[in-house]
1. Can you list the strands (runs of 3 or more DSSP E) found entirely within region 45-89 that contain at least 3 residues being under 15 Å from the mean Cα position of the chain (by Cα) and on the phi < 0 side of the Ramachandran plot?
2. Kindly evaluate residue 96 against the criterion of being outside any loop (DSSP other than H, G, I, E, B) and either without any contact (Cβ under 8 Å) to a residue 24 or more places away in the chain or at positive phi (or both).
3. Residues of region 141-186 being more than 21 Å from residue 68 (Cβ to Cβ) and free of Cβ contacts under 8 Å to residues at least 40 places away in the same chain, which ones?
4. Filter region 99-119 for residues that are touching a residue at least 60 places away in the same chain (Cβ under 8 Å) and more than 22 Å from residue 162 (Cβ to Cβ) and give the result.
5. Do the conditions hold for residue 137, that is, is it within 21 Å of residue 84 (Cα to Cα), touching a strand residue (DSSP E or B) at 6+ places or on another chain (Cβ under 6 Å) and surrounded by fewer than 20 Cβ atoms within 10 Å (Cβ to Cβ)?
6. Say we look at region 26-44 and pick out the residues that are closer than 14 Å to residue 126 by Cα and not in a loop (DSSP other than H, G, I, E, B); which of these is farthest from the chain's Cα centre (by Cα)?
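The values are calculated or read from the model by the stated rules, or taken from the named source; none is laboratory data. Note that this is a predicted model, so its numbers are computed, not measured. Cβ sites come from the backbone with ideal geometry, for glycine too, and all protein chains shown count toward neighbours.
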């Protein structure tokens, strides 16, 4: 029993040490939706129902009370992570027609289906994009079924995912000081 407990503790410590972290607080940012004359203009993205959203209250506990947006960092290899304590939460996307660009999060060690991609994400002129081969893919927002906001998806196809969806620019806003949250829906 002592051996099993020791082995489990060592494995957990090794995973924590191997997980990417924001190398310094200047690498932490929030994502702001920009779409003039629309209901999604100038909102910070929040974590909602395992993905990202604009508008609904996120289910989180943050170092600054009342925070209703997500904080991120990008690893050197283009991985997009929530700025949170262990376990790390890394973004992945489904670019298939069925997935319609759905963006979700998993723990860094949790395997994902081979049809999903973890990145790379990149910054171009202050905006966040997903890089797929030679394409830079932007973002869209589609109304949630409960009318409380918008689900955030990538826009891998020319057509939007639905008639009420809106494409938007995902601007990066440096966090100073960074706000760390525990996300219960990611």
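1. Working: elements: 46-48, 51-54, 60-62, 72-74, 80-82.
Fully inside region 45-89 and qualifying: 46-48, 51-54, 72-74, 80-82.
2. Details: outside any loop (DSSP other than H, G, I, E, B): no; either without any contact (Cβ under 8 Å) to a residue 24 or more places away in the chain or at positive phi (or both): yes.
No, not satisfied.
3. We begin by selecting, within region 141-186, every residue more than 21 Å from residue 68 (Cβ to Cβ); these are 154-165, 167.
Within region 141-186, 158, 159, 160, 162, 163, 164, 165 meet the criteria.
4. Filtering region 99-119 for residues touching a residue at least 60 places away in the same chain (Cβ under 8 Å) gives 100-101, 105, 108-109.
Of everything in region 99-119, those that are touching a residue at least 60 places away in the same chain (Cβ under 8 Å) and more than 22 Å from residue 162 (Cβ to Cβ) turn out to be 105, 108, 109.
5. Working: within 21 Å of residue 84 (Cα to Cα): no; touching a strand residue (DSSP E or B) at 6+ places or on another chain (Cβ under 6 Å): yes; surrounded by fewer than 20 Cβ atoms within 10 Å (Cβ to Cβ): yes.
Taking the combined requirement at face value, the residue does not satisfy it.
6. Quick first cut of region 26-44, residues closer than 14 Å to residue 126 by Cα only: 27-34.
Add one more test, that the residue is not in a loop (DSSP other than H, G, I, E, B), and what stays is 27, 29-34.
Numbers: 27: 15, 29: 11, 30: 10, 31: 9, 32: 12, 33: 13, 34: 17 Å.
Looking at residues that are closer than 14 Å to residue 126 by Cα and not in a loop (DSSP other than H, G, I, E, B), I get 34.
Residue by residue, here is whether (1) farther than 25 Å from residue 119 by Cα; (2) at pLDDT 95 or above; (3) surrounded by 20 or more Cβ atoms within 10 Å (Cβ to Cβ) holds:
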site: 58; (1), (2), (3): no, no, yes
site: 70; (1), (2), (3): no, yes, yes
site: 74; (1), (2), (3): no, yes, yes
site: 78; (1), (2), (3): no, yes, no
site: 82; (1), (2), (3): no, yes, yes
site: 86; (1), (2), (3): no, no, no
site: 91; (1), (2), (3): no, yes, yes
site: 96; (1), (2), (3): no, no, no
site: 99; (1), (2), (3): no, no, no
